[in-house]
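The values are calculated or read from the model by the stated rules, or taken from the named source; none is laboratory data. Here the structure is a predicted model, which means the values were calculated and not measured. Every residue, glycine as well, gets a Cβ built from its backbone with ideal geometry; the counts of neighbours run over all protein chains shown. What goes into the accessible areas is simple: the full protein's heavy atoms, side chains included, and nothing from ligands, DNA or RNA. Shrake-Rupley method; radii C 1.70, N 1.55, O 1.52, S 1.80 Å.
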Amino acid sequence: MAVLGKIRSKGVWLIAIIGLGLFSFIAEELFRSCESTRNDQRQQIGEVLGEKINVQDFQKLIDEYQEVMKMQSGQDNLTEDQLNQVKDMVWNTYVQTKIVENEAAKLGLTVTDEEMQNVLSEGTNPMLAQTPFLNQQTGRFDVNQLKKFLAEYKQQQVANPQLAQQYQSIYKYWTFIEKTLRQQLLAQKYQGLFAHCFLSNPVEAKAAFQAETEESSVELAAFPYSSVDDAAVKVEDADLKAKYNEMKPRFRQYVETRDIKYVDVVVEASAADRNALVKEFNGYKENLATATDAAEVARKSTSLVPCLGIPVKKNAFPSDIAAMLDSVSVGEVSKVFETQRDNTLNVLKLVSKQSLPDSVEYRQIQVFAETPEEAHKKADSIYTALKGGADFEVIAKNYSQTGAKVWMTTAQYQNAPSMDMDTKNYINSLNTMAAGELKNIVLDQGNIILEVTSKKAFVDKYVAAVVKKSIEFSKDTYRSAYNNFSSFVSANQTGDDVAKNAQKAGYTVQERKDVTTAAHNLANIRATRDALKWVFEAKEGQVSPMYECGDNNHLLVVVLDKINPVGYRDITDPQVREIVKAEVLKEKKAEVLLAKAKEVKDVKNAKGAKAASVQQITFSSPVFVAATGASEPALAGAVAATAKGKVSAQPVVGEAGVYVFQVTDKKNREGKFDAKAQEARLRQRAMQYAGNFMNELYVNANIVDNRYLFF
């Protein structure tokens, strides 16, 4: 009982300790939950209609589209610009698909399997023409070839593992086309709803035809706004505020943007770096002149131009090298020259120049055996038989080959990055053999019996050893630029300091307005993702760290000048203020010029006006007035409403001036009115205007684009 009493006496403390323990447990779980949520958020690349997409799922879409691009272009690798295009295409397609699917779901719109089969059976959809399942005779998509492939694809997965990989690539390509086709059909269905919402009638068609075909000629008195000095009109703040409120919808901003100032230092080769490279090139020139193998000199120099050692056409060389080829004699070495376009030094030796066929028709038999010696012996027998009159194709079939004639063009090999000796020997043989000549080419592992059957399109071909190297800065030059700029950034830690002291230090401050998260880089400088991330994490007025970027030749510092949030840009924004002020100035000048225009009695001799004759004015298109350098829709409308011989009822206030006119002639263009055709055109035009519905849906989809964090 005593123990129980002690426990009871400590009851408050026990409750507190237990409560603290429970709180700690709950807090720990809450912390873990919050941390997990934050980790998920860090992996989210964006959001559409409240649905989030993480970076792994988005990367899969990019990989899928990238493989499609490679298959279509035949490239193994895509450039950085091409990859950026892929990322933008994937994102835009993803967003549009989600928006359309959401709207279609509300309406019960779907694309059924039966509809897909109908599209495949018709085979006329342009997307199907991009597939390999085309009828060779008609050039059109053949659904039977697709069915055959799908059946073979299942079999090859088990039967032939090597062929399975090729089938897998084609299958992935087809599934992408099929998925995209479904998306396209759904979007067309949804858009098709609008087609039945727009109607026309004969009365509207007749009016539209008249607006297009009735032409007017006028004598015009133009009073340009430029004739009134800005200082002659007074603009008050109240005027700007009133005009801003009127124009406010124009300044709506749907995504957050940021304005930056930045200093970009491009590190370039110094005079000492150039002199060292010139000295190096003088050495190359001497070596090219004396070496027995000039190609080896070029290869050892790590030239940007590969030296294949075989005759190629002029267009296989860079344009600056190609321009030099005919000015150098065979065996001669050119002068060392600079090409500013690609920032290189160059020197070349012309090894040979020959007139050779651009296209060669040939056939061949490849001979292999367990040992090279056996192959050589077998090839000698084949060669002897062919020389004795044996049928080429019959012998080829005995060795499981067709012996069919094929064509080879220079373009097929001249841009290869490198070439082994066997391939060089093979191509040189094709270039130099006479039509009808037979040759037994010995390779390391076997032989090729080669016969040239035809040659055509003889062109000049060149063998040249080229040394082309970029004019690059040295480590010392880069270190000096780095240290100098680093000191500048350290000493100027506010935006005002950077702007004030940059010029003194030899740097230039530049600006970029309205940077968005959709950008792939800052200020068109490569490898600036870290700087871009900083821009969207920083606060106004902050100065970034110094970034090394570009192709390791840029040093960058950024000042976040202004954050432009979603909503309406304010009148205090310099860009907005300029636009509003321009409109106010125009209206104020119009008031001044209206007073002059109302006093005009004779259009041709109006005091202070520019007189002009303007023909072929129609209501359907704005008239261009050369006297003011502007298109004037209001003037076109006023002219259409004024009878022949009449003067405008009142001056017309236009985009670039105030106008008074007299209609001197009205006539109709030749052409017969077709009510049905005109109504169809009006419906089509209305459909084009309605096509902007996607913009409205995009705005309402609450798009979040965080791609800049990952790509």
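Pairs linking a residue in the range 670-686 that is more than 16 Å from SER620 (Cα to Cα) to a residue that is assigned to a helix (DSSP H, G or I) and open to solvent by 40 Å² or more (accessible area, probe 1.4 Å), with Cβ atoms under 6 Å and 6 or more positions apart or on different chains, are ALA675/PRO202.
Under the condition of being among the hydrophobic types (A, V, I, L, M, F, W, C) and open to solvent by 50 Å² or more (accessible area, probe 1.4 Å), which residue from the range 635-667 is farthest from GLU583 (Cα to Cα)? Step through it out loud before you land on a result.
First pass over the range 635-667, keeping only residues among the hydrophobic types (A, V, I, L, M, F, W, C): 635-636, 638-641, 643, 647, 649, 652-653, 656, 658, 660-661, 663.
Adding the requirement that they be open to solvent by 50 Å² or more (accessible area, probe 1.4 Å) leaves 641, 643, 647, 649, 653.
Working: ALA641: 26, ALA643: 31, VAL647: 28, ALA649: 25, VAL653: 13 Å.
Ranking the qualifying residues of the range 635-667, first place goes to ALA643.
When the residues of the range 457-507 are narrowed to those that are of a type in the set (Lys, Arg) and outside any loop (DSSP other than H, G, I, E, B), which ends up surrounded by the fewest Cβ atoms within 10 Å (Cβ to Cβ)? So that I can check it myself, show each step before the final result.
At the first step, the residues of the range 457-507 found to be of a type in the set (Lys, Arg) are 461, 468-469, 475, 479, 500, 504.
Remaining after also requiring outside any loop (DSSP other than H, G, I, E, B): 461, 468-469, 475, 479, 500.
Working: LYS461: 21, LYS468: 20, LYS469: 18, LYS475: 8, ARG479: 12, LYS500: 12.
Only one residue fits best here, namely LYS475.
Of the residues screened, SER327 is not one that is part of a helix (DSSP H, G or I) and modelled with pLDDT of 90 or more.
Considering the range 418-456, and only residues there that are acidic (Asp, Glu) and not in a loop (DSSP other than H, G, I, E, B), the residue that is most open to solvent (accessible area, probe 1.4 Å) turns out to be ASP422. Looking at the range 25-32, is at least one residue open to solvent by 60 Å² or more (accessible area, probe 1.4 Å), basic (Lys, Arg), on the phi < 0 side of the Ramachandran plot and at pLDDT 55 or above? No, every residue in the range 25-32 fails to be open to solvent by 60 Å² or more (accessible area, probe 1.4 Å), basic (Lys, Arg), on the phi < 0 side of the Ramachandran plot and at pLDDT 55 or above. Flag: GLY567 does not match the condition of being touching a Gly at 6+ places or on another chain (Cβ under 9 Å) and either at pLDDT below 95 or under 20 Å from TYR254 (Cα atoms) (or both). For VAL228, the conditions (1) surrounded by 17 or more Cβ atoms within 10 Å (Cβ to Cβ); (2) more than 30 Å from LEU593 (Cβ to Cβ) all hold with the exception of (2).
Quick one: which strands (runs of 3 or more DSSP E) sit completely within the range 335-417 and have at least 3 residues that are open to solvent by 60 Å² or more (accessible area, probe 1.4 Å) and under 30 Å from LYS285 (Cα atoms)? Full working, then the answer.
On the way: elements: 337-339, 344-367, 406-409.
In the range 335-417, 344-367 are the strands (runs of 3 or more DSSP E) which contain 3 or more residues that are open to solvent by 60 Å² or more (accessible area, probe 1.4 Å) and under 30 Å from LYS285 (Cα atoms).
Taking the range 668-711, which residues are over 15 Å from GLN210 (Cα atoms), in a strand (DSSP E or B) and open to solvent by 40 Å² or more (accessible area, probe 1.4 Å)? The one that is over 15 Å from GLN210 (Cα atoms), in a strand (DSSP E or B) and open to solvent by 40 Å² or more (accessible area, probe 1.4 Å): VAL704. Condition check: over 30 Å from LYS586 (Cα atoms), hydroxyl-bearing (Ser, Thr, Tyr), out of contact with any strand residue (DSSP E or B) (no Cβ under 8 Å at 6 or more places or on another chain) and open to solvent by 20 Å² or more (accessible area, probe 1.4 Å). Does THR302 satisfy that? Against the criterion (over 30 Å from LYS586 (Cα atoms), hydroxyl-bearing (Ser, Thr, Tyr), out of contact with any strand residue (DSSP E or B) (no Cβ under 8 Å at 6 or more places or on another chain) and open to solvent by 20 Å² or more (accessible area, probe 1.4 Å)), THR302 does not qualify. Just one of the numbered conditions (1) in contact with an Asp or Glu (Cβ under 9 Å, 6 or more places away or on another chain); (2) closer than 30 Å to GLU268 by Cα; (3) crowded, with 19+ Cβ neighbours inside 10 Å is not true of ASN553: (3). Scanning the range 204-215 for residues that are within 30 Å of VAL592 (Cα to Cα), in contact (Cβ under 8 Å) with a residue 24 or more places away in the chain, of a type in the set (D, E, K, R) and open to solvent by less than 40 Å² (accessible area, probe 1.4 Å) turns up nothing.
So, of the residues in the range 579-617 that are open to solvent by less than 30 Å² (accessible area, probe 1.4 Å) and part of a helix (DSSP H, G or I), which turns out to be farthest from GLU632 (Cα to Cα)? Of everything passing the filter in the range 579-617, VAL580 is farthest from GLU632 (Cα to Cα).
Taking each residue of the range 190-202 that is closer than 24 Å to ALA675 by Cβ and open to solvent by 70 Å² or more (accessible area, probe 1.4 Å) and looking for partners that are modelled with pLDDT under 80 and part of a helix (DSSP H, G or I) with beta-carbon atoms closer than 9 Å, six or more apart or interchain, yields CYS197/ALA686; CYS197/ALA690; LEU199/ALA686. Of all residues in the range 407-428, at least one satisfies being without any contact (Cβ under 8 Å) to a residue 12 or more places away in the chain, at negative phi and among the acidic types (Asp, Glu).
Could you tell me whether ASP530 is of a type in the set (Asp, Glu), assigned to a strand (DSSP E or B) and either modelled with pLDDT of 95 or more or within 24 Å of GLU256 (Cβ to Cβ) (or both)?
Numbers: of a type in the set (Asp, Glu): yes; assigned to a strand (DSSP E or B): no; either modelled with pLDDT of 95 or more or within 24 Å of GLU256 (Cβ to Cβ) (or both): yes.
Against the criterion (of a type in the set (Asp, Glu), assigned to a strand (DSSP E or B) and either modelled with pLDDT of 95 or more or within 24 Å of GLU256 (Cβ to Cβ) (or both)), ASP530 does not qualify.
Within the range 80-116, being hydroxyl-bearing (Ser, Thr, Tyr) and free of Cβ contacts under 8 Å to residues at least 24 places away in the same chain holds for one residue alone: THR112. Of all residues in the range 269-287, exactly one satisfies the criterion of being in contact with a Phe, Trp or Tyr (Cβ under 6 Å, 6 or more places away or on another chain) and either in a helix (DSSP H, G or I) or open to solvent by 70 Å² or more (accessible area, probe 1.4 Å) (or both), namely ASP273.
Tell me which residues, restricted to the range 529-547, are surrounded by 14 or more Cβ atoms within 10 Å (Cβ to Cβ) and either touching a residue at least 24 places away in the same chain (Cβ under 8 Å) or polar (S, T, N, Q) (or both). First the steps, then the outcome.
We begin by selecting, within the range 529-547, every residue surrounded by 14 or more Cβ atoms within 10 Å (Cβ to Cβ); these are 529-536, 538, 542-544, 546-547.
Of everything in the range 529-547, those that are surrounded by 14 or more Cβ atoms within 10 Å (Cβ to Cβ) and either touching a residue at least 24 places away in the same chain (Cβ under 8 Å) or polar (S, T, N, Q) (or both) turn out to be ARG529, ALA531, LEU532, LYS533, TRP534, VAL535, PHE536, GLN542, VAL543, SER544, MET546.
Results for (1) modelled with pLDDT of 90 or more; (2) under 17 Å from TRP174 (Cβ atoms); (3) outside any loop (DSSP other than H, G, I, E, B), shown as yes or no for each residue.
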| site | (1), (2), (3) |
| --- | --- |
| VAL119 | yes, yes, yes |
| ALA129 | no, yes, yes |
| GLN137 | no, no, no |
| GLU152 | no, yes, yes |
| GLN157 | no, yes, yes |
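Filtering the range 533-550 to residues that are more than 28 Å from the chain's Cα centre (by Cα), under 27 Å from GLU268 (Cα atoms) and of a type in the set (A, V, I, L, M, F, W, C) leaves VAL543, MET546. Out of SER226, SER217, one residue alone is in a helix (DSSP H, G or I) and modelled with pLDDT under 95. It is SER226.
Pairs are defined by a Cβ separation below 7 Å, a sequence spacing of at least 6 or placement on different chains, a first member in the range 440-452 that is at negative phi, and a second member that is among the basic types (Lys, Arg); the pairs so defined are LEU450/LYS439; GLU451/ARG363. Applying the set (1) closer than 30 Å to LYS539 by Cβ; (2) free of Cβ contacts under 8 Å to residues at least 40 places away in the same chain to GLU236 leaves exactly one unmet item: (1).
Residue check: ILE260 meets all listed conditions (1) β-branched (Val, Ile, Thr); (2) touching a Lys or Arg at 6+ places or on another chain (Cβ under 7 Å); (3) open to solvent by 20 Å² or more (accessible area, probe 1.4 Å) but one, namely (3). If you go through the range 78-108 and keep only what is among the hydrophobic types (A, V, I, L, M, F, W, C), under 20 Å from ASN692 (Cβ atoms) and open to solvent by less than 50 Å² (accessible area, probe 1.4 Å), you end up with VAL95, ILE99, VAL100, ALA104. Within the range 243-263, the presence of at least one residue that is part of a helix (DSSP H, G or I) and aliphatic (A, V, I, L, M) is confirmed. Take the conditions in a loop (DSSP other than H, G, I, E, B) and over 21 Å from LEU697 (Cα atoms) and apply them to THR110. Does it pass? So THR110 fails the test.
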